[in-house]
Amino acid sequence: MKSTPVFRLDPVKSDHVTLWPICCLHIGHHRHEMQKTVALLDKILRDRNSYVIMLGDTVDVGTRSSPGASVYEQDMNASEQVLVAGALLTPLVEAGKILFWLDSNHSRRLFTEAGTFTAEEQLARMFFGAGFSGKDKRLLNKYVAGGFDGTKKLKEVEGYLQEVISKLKPGVSQVFWGGLQALSRIQVGPNRYKLHAFHGSGGGATHKTVISQLDRMEKVAPGNDIYVSGHHHKRLVFDADKIVLDHRGDVQYRPAMYVSTGCMLGYDGSYGEAKGYVPTRPGMTRIKLYANNWGVEACV
Ligand SMILES: [Fe+2]
């Protein structure tokens, strides 16, 4: 468990900031919704009061021992996926939008199979000062210019990627590496919000799985205001009041918000369709943190 620095996010001409837990983009998978991903990242970039926490599975990393037919469903190999994801997310890092970055199961396939840095670590390390090299930029340019045979999705966003690549600078900025689970304090105006973030784990086709995982996280790290996870590709929000005695012996009701964010995968021909899972609409959940009166809202 890591603790992050306190993030101070003061809203501009608004009474709240919006926190986007981004998870399960699965860049590199043939059903990844590249255009929807680019549209969401652009929307966040344009909104002065939007921020992001990266919850993992940014890239798909289908290997020979991955479940299902994953290895045959890749549009790019793992290194290419990391490069493309890094390029897509660099504008958000440069704008100071990404608070921290978590590891996840797909990413860790690189570690479990070869002992290398996980894919998410590689992505986060791009922004720790090493940044993109000239060689990275040349490789990216080559791929975007048609090096990925049969990769239609990259063609769809070629102009956008070219623009991003032209602006890449080495050592652009920093994001905080949160590892597997992170505890965070987010200051919005005078209000401080405590957040526990976890990528998520295990299988599960139903919302019940998501609810029990979020409940379990409260046992792992009690006393937080917000619990957020992803992994199950299901957008879900619920809340509860926790009844506690304060230091004077008075009964206090302490609200807690539980948030599961979504994914950017289509359904047709996917692992989800093969397993008969209920299709979920691509997209992320968002969390509003208020600056005047203490308050958390979450919506899908
Ligand atoms: Fe996952």
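Would you confirm, using the coordinates I've provided, whether Ser107 is of a type in the set (Gly, Ala, Ser), assigned to a helix (DSSP H, G or I), away from the ligand (no atom under 16 Å from the Cβ) and without any contact (Cβ under 8 Å) to a residue 60 or more places away in the chain? Spelling it out, it is not the case that Ser107 is of a type in the set (Gly, Ala, Ser), assigned to a helix (DSSP H, G or I), away from the ligand (no atom under 16 Å from the Cβ) and without any contact (Cβ under 8 Å) to a residue 60 or more places away in the chain.
Take Asp268 and decide whether it is surrounded by fewer than 13 Cβ atoms within 10 Å (Cβ to Cβ), acidic (Asp, Glu) and not in a strand (DSSP E or B). Yes: the conditions hold for Asp268.
Flag: Pro21 does not match the condition of being more than 14 Å from the ligand (Cβ to nearest atom) and crowded, with 18+ Cβ neighbours inside 10 Å.
Between Val237, Val300, the distinction of being at pLDDT below 95, more than 16 Å from the ligand (Cβ to nearest atom), surrounded by 12 or more Cβ atoms within 10 Å (Cβ to Cβ) and within 15 Å of Pro21 (Cβ to Cβ) belongs to Val300 only. Take the conditions of a type in the set (A, V, I, L, M), in a helix (DSSP H, G or I) and surrounded by fewer than 17 Cβ atoms within 10 Å (Cβ to Cβ) and apply them to Ala205. Does it pass? No.
In the condition set (1) out of contact with any Lys or Arg (no Cβ under 6 Å at 6 or more places or on another chain); (2) not in a strand (DSSP E or B), Val12 is compliant with all but (1). Taken over segment 271-292, the criterion of being more than 15 Å from Ser229 (Cβ to Cβ), touching a residue at least 60 places away in the same chain (Cβ under 8 Å) and assigned to a loop (DSSP other than H, G, I, E, B) is satisfied by Gly276, Tyr277, Val278, Pro282, Gly283, Ala291, Asn292.
Let's see how each residue does on (1) on the phi > 0 side of the Ramachandran plot; (2) of a type in the set (Asp, Glu); (3) crowded, with 18+ Cβ neighbours inside 10 Å; (4) touching an Asp or Glu at 6+ places or on another chain (Cβ under 8 Å):
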site: Val210; (1), (2), (3), (4): no, no, yes, no
site: Arg216; (1), (2), (3), (4): no, no, no, no
site: Asp241; (1), (2), (3), (4): no, yes, no, no
site: Gly249; (1), (2), (3), (4): yes, no, no, no
site: Pro279; (1), (2), (3), (4): no, no, no, yes
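Return the residues of segment 63-105 that are surrounded by fewer than 18 Cβ atoms within 10 Å (Cβ to Cβ), among the charged types (D, E, K, R) and either modelled with pLDDT of 85 or more or closer than 14 Å to Ala119 by Cβ (or both); say none if nothing qualifies. Within segment 63-105, Arg64 is the sole residue that qualifies. For Leu40, state whether it is surrounded by fewer than 22 Cβ atoms within 10 Å (Cβ to Cβ) and under 17 Å from Ala124 (Cβ atoms). No, not satisfied.
The values are calculated or read from the model by the stated rules, or taken from the named source; none is laboratory data. The structure presented is a predicted model; accordingly, all values stated were derived computationally and were not measured. Backbone-built Cβ (ideal geometry, glycine too); neighbour counts: all protein chains shown.
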